[in-house]
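Right, one structure below, let's go through it.
The values are calculated or read from the model by the stated rules, or taken from the named source; none is laboratory data. Computed from a prediction, not measured in an experiment: that's the story for all the values here. Cβ: placed from backbone, ideal geometry, glycine included. Neighbour counts: every protein chain shown. These accessible areas exclude ligands, DNA and RNA; they are computed on the full protein's heavy atoms, side chains included. Shrake-Rupley method; radii C 1.70, N 1.55, O 1.52, S 1.80 Å.
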Amino acid sequence: MPANPTRKSSSKVALWRRRSHEVLTSEVVASRNPGPNPPPEWASALAELTELSRTPATAPAWWTPKTAFFGSIETRTDPTSYYWDGMKRLGLRDAPLCIFQLTMAGWGHFQLCGQAPRRVLPGMGFFAMIPSEHRYYLPQESPGWTFGWIGIYHPYLIGRIAKQVATTDPLVQVVPDGPLAAAALRLVRGTIKKDFRDPYDVELALIEFVIAYERCLYPSHDGPGEGQRLLSELRNRVVAALPQVIDVNTIAAEYGMSRTHFSHFFRSRTGMTPAHFATEVRVQQAARMLLDTRFPLKQIADACGFADANHLCKVFRRFQHLSPASYRRVVL
């Protein structure tokens, strides 16, 4: 007799719900594992979450990967037991997800493939798109790492976050009394207490979090800093030149610099080389066309400055860690 698909689906949801609760009752939860002292600006929020984590609530029946999320408030002090590789976290049939992690005390490392590790201090968060070539871990020299984190499965929101991360930076500064901190801490509290009325309340909180993230990247009252200004200017130049590929030498000359000087100048302020970022912008344009149109790959490749569909597939996979066809299918 063939297996009942409804029963299989129900079993997977039950397993996910059980594992979500296990995350909240493990020995690494902040209330069970003392860690480094937080700076004053994060002490109150951390104390509240730590106290809540002593009595986590079980999930309601509607709390599933499609309607909710998971997470915890944790303290890690053993470098040998905390290391995550973004390419080794999913099974073959697991859906992509996004992890957001906010440091509240101590620090750890986040590292993109081919780049130096970056210290994630209190008030800094990062988005880890899974799968993607990154890793984050507790280094030997750290006094410990206390953080709140959430894992999001919502396909639309994952796609929206991925677009921002691809054109800016996985790391983000979080002002303690700002809207992004409020939205993130609301979600961490919610995964502990399950104090949402229904799936719509959860989705609203997730959307508010993503909007707060997007707004913090483009503050309207102060204007962008130098790094953000450089990214914005180069993004506009790259998009305006399409389908032609603008050369870094041309951009450097517009700033009155040599290519080498401009590359060092750009990287020191943005964390990326101009050539890498310009390619990211073209990949992001291709990603938008994949979602907004039904154009064939060859037409998208031509519009975004790639030699052909094969070239687009190769570069797209390097940046998005999915083929264009898979990206279109998964995100839509």
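A few points about this structure:
- When the range 130-142 is filtered for residues that are crowded, with 21+ Cβ neighbours inside 10 Å and in a strand (DSSP E or B), the ones remaining, listed by number, are I130, H134, Y136.
- Checked against (1) touching a strand residue (DSSP E or B) at 6+ places or on another chain (Cβ under 8 Å); (2) open to solvent by 60 Å² or more (accessible area, probe 1.4 Å), D177 passes all but condition (1).
- Within the range 16-41, being at pLDDT 90 or above, closer than 28 Å to G91 by Cα and surrounded by fewer than 17 Cβ atoms within 10 Å (Cβ to Cβ) holds for S26, E27.
- L157 vs. criteria under 19 Å from the mean Cα position of the chain (by Cα), over 25 Å from N37 (Cα atoms) and in contact (Cβ under 8 Å) with a residue 12 or more places away in the chain: yes
- Condition met for S44 (among the polar types (S, T, N, Q), under 20 Å from G106 (Cβ atoms) and in contact (Cβ under 8 Å) with a residue 40 or more places away in the chain): no
- For S72, the requirement of being buried (at least 20 other Cβ atoms within 10 Å of the Cβ) and either more than 30 Å from A14 (Cα to Cα) or out of contact with any Gly (no Cβ under 8 Å at 6 or more places or on another chain) (or both) is not met.
- Across the range 65-103, the number of residues qualifying as assigned to a strand (DSSP E or B) and within 16 Å of the chain's Cα centre (by Cα) comes to 12.
- For the range 143-186, the tally of residues that are part of a loop (DSSP other than H, G, I, E, B) and either charged (D, E, K, R) or within 17 Å of L206 (Cα to Cα) (or both) stands at 6.
- Condition check for G125 on (1) touching a helix residue (DSSP H, G or I) at 6+ places or on another chain (Cβ under 8 Å); (2) open to solvent by 10 Å² or more (accessible area, probe 1.4 Å): one failure, at (2).
- None of T80, T58 is in contact (Cβ under 8 Å) with a residue 40 or more places away in the chain and surrounded by fewer than 13 Cβ atoms within 10 Å (Cβ to Cβ) except T58.
- Filter pass, Q111 being open to solvent by 20 Å² or more (accessible area, probe 1.4 Å), closer than 24 Å to R235 by Cα and assigned to a strand (DSSP E or B): yes
- Test for F209: is it assigned to a helix (DSSP H, G or I), without any contact (Cβ under 8 Å) to a residue 24 or more places away in the chain, out of contact with any Gly (no Cβ under 7 Å at 6 or more places or on another chain) and of a type in the set (F, W, Y): no
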